[in-house]
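One structure is given below, encoded as C-alpha cells.
A short reminder: the numbers here are calculations on the coordinates, not readings from a lab. Source: prediction; values computed, not measured. Every residue, glycine among them, receives a Cβ derived from its backbone with ideal geometry; neighbour counts consider all protein chains shown.
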C-alpha cells in the first residue's frame, strides 16, 4: 500500500513546518494568501485528502457507532443490529460491527479497534463477565464514550442497558412444559457467569418449585450456544436412570441439538419429550417439527438501545442518568412442545 | 458526551501553540525539557490521550480492515467473514463489518464510514452494480486502499476478486435436476445486473440447451433473496398452463419460499416438483425436508480474500498484480430433489 500523504510530507516537500501546512489547510488567517495557495496546490498534487476523521479528531465526533456482538450470524443479534441501524441512520450515524465469537480476548481487541476508529459510542452484548476489570473497557468508560449494554449485560455504574426479562421468559417456558404434562423437566443451561443465562436458570428453577416439583440438579446441564453442544448435553440426560420428559434449552441452537439427539434415540417429540428453545430464531419456525421458543423482540431491543445512545450523546456531558430498560418476553407455541392429545382436549 | 480533549484544548490552557503541544507529545527535541514536562502533565490532568488513530494518521496504518456485505445474518457471508478473521487476527489486523441490506446508498455510506475509520483495506461483496461510478468508491480506488471483491464482484481495473464458479454451480444444479427426470425446469433468478446472478442464469440456460431441451423464458422469474419472494415467484410458476417439474433457485432462501408454496398447493416434493437452492445455508440441512444445494466454500473464500489483502498491503505500493481467484462449487444432494424411485434403481 502506498503510504498516505500526510501534512508532514507536504511540509517536507515545501520545506516549511507541518503546523503551517495544517493552518493553511484549515484556512487560518495566520498564513499568507500566496503561501496558502502554494500549500493547497501541493496538497492536491500529492493526492492529500483532509479526511473527515482528522476533522473528527478536532471536533470529537465521527458519526460512527460501534456495535459488538458475540456472533453476527445469529438472527437475534442481526435483528438487534437492524433495529439499531434503523434508528441511527436517519440521524446521520453509521454502524460498524465487530464480533467476539464469545472470546474474551477478541472482545478487548474489538473495543480497542472501535476506540481507534473514533466511534462516538459503543453498543454491546458482552462475552466477558469480568469486563469491568478490562483495561480497554475502563478506558472506554473513563473517556466518557457513551456505552450501552443490550441482552448480555453486567451492572456497571454509569452504563445503561436494554434487556428482556430473562427470568420471566424462562419461567414462562418451564410453566408451558408443565402445562403440557411434563413432570421431569431438564434445563440446558449456559455460562452462569453471564446474567442472562443465570436468570434463565433461576426462572426455570422457580417455576419447578412453584409447581410443587422437586428441583433435581442432575437435570441441569451446562451447554454452549452450539447445536453440537445441545446434542451432547441431551445424550447425557437420556442416559440417566430417570430421563426427562421435557427440555427447556437456554437457546434455540441447543434446542435443535436436543431434538436431533432425541430423534437419534428413536424417541418421539413432543410425545416422549417436549422441547422448548429461547430466542425465536427463524429456523425454529421453518422446520417441519417447528420449535416452541421465547421471543425477545430483538428489533425493538435494538431501537431502544439506539435511542438510549442518542439521548446520551445529545446530553453534551450533562450528568448521565443510567437507564435500565427491560422488555417483556413472549411465548411462541409450536410443534416441539404441544402434545396433540392436549390440542384435541 | 463530553467533548474529547484535543491538542488545541491543551494549547489554549497553556497559552501556547497547538504545534508546540503536538511536538511535545511526540517527544520532539525542538521543545525544551521543562515545557515538555508541563505539557505532558497538563495533558494528563485534562484526560488527554494520544490515540493510536492519530498516530495512524501519521504512519498511514490503523490495523483495522473493513468488510462490507449485503447481510450479516446469512450464513454464507458470516462464514466468509469468519474465514477473513481467522487469517487476519494472527497478523494483528482487526475486522470491522458493515452491512448494506442490498441498498446502494448504504453501500456508499459504509465505504465513507470505513474510510473515515482509517481502515487499511476493504474487502467487499457489492450491492451496487454501478459501483465504479460512485464517488466514494472512486475515492477508495484513488487512495490506493487495498480493495478486494468476494462473491459479488465486478470487473474493475486494479481490483482483485475471489468468487466461485457460479456458471458451473448453476450448470451442475440444473444437470442434477435433469438427471432426476425433470423435463421442465424453472429458475428463480436474481438481480441480473450482478455478475454472480447473471452467471447462475447463464449456467442454468446452458445446461437446459446442452440436454436438448427448449429454453422457455416463461420459466425464469426474477426473485430477491427473501423467502417471501421465492413463494411469490413460485405461485406465478404454478399458475402456468404447463407448470414446471423442477425449480432451480438462485439462493436457499428463495428455494425455501418455493418449498412452502409448493406444499401450500398440496403438491409433493420431490415427486411432483424437485427443488434445489444455492449457498448451502445451514437451515437447508436442518429441515425435515432437507434442501439440495450448491456449496460455495465460504470459509475458504474468506481466507483467500484475506491473503490477497495481506499480499497487497505488504507489497508497499509496488505495482499491484490484479488477482482473480475462482473456487469450484460443490453439489450437496438432499431430499428436496432426490426421487426415491431413482434411489431404489
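How compact and how long is the range B:7-50, expressed as Rg and Dmax of its alpha-carbon atoms in Å?
Here Rg and the maximum Cα pair distance are 9.0, 24 Å.
Calculate log10 I(q)/I(0) of chain A for q = 0.07, 0.11, 0.12 Å⁻¹, where I(q) comes from the Debye formula with a single equal point scatterer on each Cα and nothing for solvent.
Debye curve over Cα of chain A, log10 I(q)/I(0) at q = 0.07, 0.11, 0.12 Å⁻¹: -0.41, -0.77, -0.87.
Along Cα→Cβ at 7 Å, what distances in nm separate the residue A:14 label point from those on the other copies, shortest first?
In nanometres, ordered from closest: 2.6.
If you project the alpha carbons of the range B:218-339 onto their three principal axes, what span does each projection cover, largest first, in Å?
Here the Cα extents, ordered largest to smallest, are 62, 28, 20 Å.
Bin width 5 Å, origin at 0, all Cα-Cα pairs of the range B:27-165: what percent of pairs per bin?
Result, from short to long distances: 2, 9, 16, 19, 16, 10, 7, 6, 5, 5, 3, 1, 0, 0 percent.
Taking each residue of B:97-106 in turn, how many C-beta atoms of other protein chains fall within 10 Å of its C-beta, and what is the average?
What the average comes to for B:97-106 is 3.
Put a label point 7 Å from Cα along the Cβ direction on residue B:202, then list its distances to the equivalent points in the other copies in nm, shortest first.
When each copy's label point is compared with this one, the spacings are 6.1 nm.
Ordered by packing density, taken as the mean number of other Cβ atoms within 10 Å over each peptide's residues, highest first, how do B:289-302, A:98-111 rank? Could the numbers behind the result be given before it?
Values: B:289-302: 22.1, A:98-111: 20.4.
Descending packing order for the listed peptides: B:289-302, A:98-111.
State, to one decimal in nm and shortest first, how far the label point of residue A:260 sits from each corresponding label point in the other identical copies (label point: 7 angstrom along Cα-to-Cβ).
Inter-copy label distances (nm, one decimal, shortest first): 2.4.
From the square roots a ≥ b ≥ c of the eigenvalues of the alpha-carbon gyration tensor of the protein assembly as shown, which class results: rounded (a/c under 1.5), prolate (a/b over b/c), or oblate? Could the numbers behind the result be given before it?
On the way: a/c = 2.74, a/b = 1.40, b/c = 1.95.
Oblate, since a/c reaches 1.5 and b/c is not below a/b.
With angles folded into 0 to 90 degrees, how steeply does helix B:166-179 sit against the dominant principal axis of chain B? Use alpha carbons for both and round to 10.
Tilt relative to chain B: about 20 degrees.
If I fit a long axis through the Cα atoms of helix A:298-313 and take the longest principal axis of the Cα atoms of chain A, what angle between them do I get, 0 to 90°, rounded to 10?
For helix A:298-313, the angle is close to 40 degrees.
If I model a spin label at residue A:101 and residue A:339 as a point 7 Å from the Cα along the Cα→Cβ vector, what separation in nanometres do I get?
Result: 4.3 nm between the two label points.
Would you compute, from DSSP H runs of 4+ residues alone, the mean residue ellipticity of chain B at 222 nm, taking -39500 (n - 2.57) per run and dividing by the full residue count, rounded to the nearest 500?
On the way: 14 runs with 152 residues, N = 345.
So the calculated ellipticity at 222 nm is -13500 deg cm²/dmol.
Against the longest alpha carbon principal axis of chain A, how many degrees, from 0 to 90 and to the nearest 10, is the axis of helix A:33-45 turned?
So the helix axis and the longest Cα principal axis differ by about 50 degrees.
Counting C-alpha atoms alone, how compact is the range A:145-245: give Rg to one decimal and Dmax as a whole number, in angstrom.
Over the range A:145-245's Cα set, Rg and Dmax evaluate to 15.4, 54 Å.
Under a GNM of chain A (C-alpha, springs under 10 Å), which listed residue has the highest mean-square fluctuation: A:31, A:159, A:122?
A:31
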